[in-house]
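Peer 1: Quick one: the structure is below, and I'll ask about it shortly.
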Amino acid sequence: MNKRLLAAFGTVILGAGLIAGIGSYVAAAKNDSRVLQATPAGTLQTPEGTLPHFTLDISSYPDSGFNEGHNAHPDWVAYGPVTNFDVPAHSAITITVTNYDGGESLNNDFFGKIRGTIDGTATLNGEVITRVPADKVGHTFTIHGMSDAQDELFVSVPMRAVPEDEMPEEGYTKTPMVTTFTFITGDAGEYIWNCEYPCGDGTIAKFGHAMSTMGYMSGHFNVVNA
Ligand SMILES: [Cu+2]
């Protein structure tokens, strides 16, 4: 194996290791039982034929102030309105994430690339993209299985960070980054999603607090029979 191939391979292994580690962390905690059901949106033409189509609209925030009554840690970064989702099996799922948060650099460029969506693309503020530069990522939405026995579902999409000079002192920016992506579900099963951008605190690696507590940067992603 040549050196470049080995380096690329190493990056993938590191990525997979991170996911596995965080996944088991997350599975142990069930803090917030609220679940958002995907909204029916007719049908969609996909590479796998015409499928039932569903949508989820979510946001990522620099703090949990939006989440009154559920914000045990109002200063922690979070996705909302909730962090547990139900989507139908064998369907096209379109998720729109409105990101109000800034960011810095990913630990791992693996998560800068869009993975597992139709055509490997997303749209960012209406423009088609396949990746976000590793130093311009605010959060990621990364869906994966909890065990190897499961139907394959791996979707990872980076959210572009709001530039520092557009982040207000108070409240949320009026110019969020809007990312939309579509993927196809297989059989019903329980999955986990989490953010792979080190946006937490409490540890040197920034994988503590919001990153290691259910209901902020992670949650359940259930694929259910319609
Ligand atoms: Cu995050």
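The values are calculated or read from the model by the stated rules, or taken from the named source; none is laboratory data. The structure displayed is predicted, hence computed values, not measured ones. No Cβ is skipped: glycine too gets one built from the backbone with ideal geometry, and neighbour counts run over all protein chains shown. Quick note on the areas: whole protein, heavy atoms, side chains included, nothing else; ligands and nucleic acids left out. Shrake-Rupley method; radii C 1.70, N 1.55, O 1.52, S 1.80 Å.
Peer 1: If you take the beta carbon distance between Thr50 and Val224 as r and set R0 to 22 Å, what does 1/(1 + (r/R0)^6) give as a FRET efficiency, to the nearest 0.05?
Peer 2: So the FRET efficiency works out to roughly 0.60.
Peer 1: Search the structure for amide H atoms under 5 Å from the amide H of Phe207, placed 1.01 Å from N in the peptide plane, and list their residues when 5 or more places away or on another chain.
Peer 2: Correct list: empty.
Peer 1: Ranking request for peptides 80-86, 168-174, 93-99: highest mean number of other beta-carbon atoms within 10 Å first, then the rest in descending order.
Peer 2: Most protected by this proxy first, the peptides run 93-99, 80-86, 168-174.
Peer 1: Modelling each spin label as a point 7 Å along the Cα-to-Cβ direction, I'd like the Asn125/Asp201 distance in nm, to one decimal.
Peer 2: 2.8
Peer 1: Would you list Ile118, Ile192 from the most to the least accessible area, probe 1.4 Å?
Peer 2: Ile118, Ile192
Peer 1: To make sure I understand the rule: partners must be aspartates and glutamates, Cα under 14 Å from the Cα of Lys206, and not fewer than 8 residues away in the same chain. Which ones qualify?
Peer 2: Of all the aspartates and glutamates, those that pass the test against Lys206 - Cα under 14 Å, at least 8 places apart if same chain - are Glu104, Glu196.
Peer 1: While we're looking at this one, here's another question. Please list 3J(HN,Hα) in residue order for the range 78-90, calculated via the Karplus relation 6.51 cos²θ - 1.76 cosθ + 1.60 where θ = phi - 60°; whole Hz, with x for glycine and proline.
Peer 2: Going residue by residue, I get 7, 8, x, x, 9, 10, 10, 9, 10, 10, x, 5, 6 Hz, with x marking Gly and Pro.
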